[in-house]
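Following: one structure in structure tokens, then a few remarks.
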Amino acid sequence: MVNKQALKPRPPVPPDAAAGDGRSSRWQAHRDKRRRALVKTARRAVHSLGYAASMEDIATAAGTSKSVYYRYFGDKAGLQQAMGEVVIAQMQDKVLAAARQAASAREGLHAMVSAYLQMAQTSPNVYAFVTRLGAADALTNPADPHSSELLSHFFEAVTDMLASPMKSFLASDPRARQLGGPALTLWPQAAIGMVRAAGELWLATPEGPTKPTEAQLSEQLTTWLFEGIANHVPSPDTITSVLEDTP
């Protein structure tokens with residue numbers, strides 16, 4: 001049976017409504033473009049001025065007023081989140097490209113560790129800007145729950161981005177498969193925490209003969225993570241021998 005209602009032509013869209021939709025789309029496209037430009041300019045400003053740069057400092061470097069940044073991002077935490085999303089997107093491109101070219105599980109892990117350290121090393125100020133809370137430290141003094149949530153969001157995004165390829169590489173290694181499901185789930189979380197802690201300490205270390213290069217640190221962290229730090233700890237017999245020989 002033919003549905004006569006379905007055969008009825010739909011009423012035309014009023015010209016004003018169609019024009020309004022078009023204007024709305026163009027306005028949103030303009031806002032998105034402007035927002036990307038503001039993030040890009042802010043990133044350059046933070047790179048030059050330091051991670052503690054104020055919204056006014058950033059706006060001045062961008063050739064605009066801080067009210068414009070507040071209009072687009074709400075507050076400084078909003079700008080931190082927007083910049084963090086750009087940093088993560090660029091890092092993800094590098095990680096995925098490196099993972100596709102990796103010939104082994106170890107090589108893939110090394111590529112991911114190196115990508116993270118390179119991201120931080122390219123601009124320590126930008127890295128600090130998107131990962132620090134300033135006066136309100138999320139771990140010891142959560143005075144600003146909103147900022148704490150944004151910081152958590154950044155590292156959750158990094159963890160999610162790296163966890164999947166890490167699990168894939170681990171699953172491809174016979175030794176790792178013996179660990180079982182729970183270990184394969186927990187290991188990427190622990191690994192990323194280790195890389196982050198070591199990387200931030202490395203960034204804060206003054207330049208000198210004892211400071212490793214990015215390549216050296218990437219290799220060392222990969223060895224610890226892939227082979228196990230136990231391989232680098234002296235055996236009990238060695239420790240006993242050293243103690244006995246000590247005057």
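The numbers here are math on the coordinates, done by the rules we state, and not lab data. This structure is a prediction, so every number in the text was calculated from the model and none was measured. Every residue, glycine as well, gets a Cβ built from its backbone with ideal geometry; the counts of neighbours run over all protein chains shown.
Suppose each label sits 7 Å from its Cα in the direction of the beta carbon; what would the His47-Gln118 distance come out to in nanometres?
1.6
When you count, for each residue, the other Cβ atoms within 10 Å and take the mean per peptide, how do 75-84, 99-108 rank with the highest first?
75-84, 99-108
Packing-wise, with mean Cβ within 10 Å as the measure, how do 35-47, 57-69 rank, highest first?
The most tightly packed comes first, giving 35-47, 57-69.
To the nearest 0.05, what FRET efficiency results for Ala204 and Lys40 with a Förster distance of 25 Å applied to their C-beta separation?
0.40
Sorting Tyr70, Tyr51 on the 10 Å Cβ count, fewest up front, what's the list?
Listed from fewest to most nearby Cβ atoms, that is Tyr70, Tyr51.
Can you pull the one-decimal nm distance between simple spin-label points at Thr223 and Val86, each 7 Å off the Cα toward Cβ?
Those two pseudo-labels are separated by 3.8 nm.
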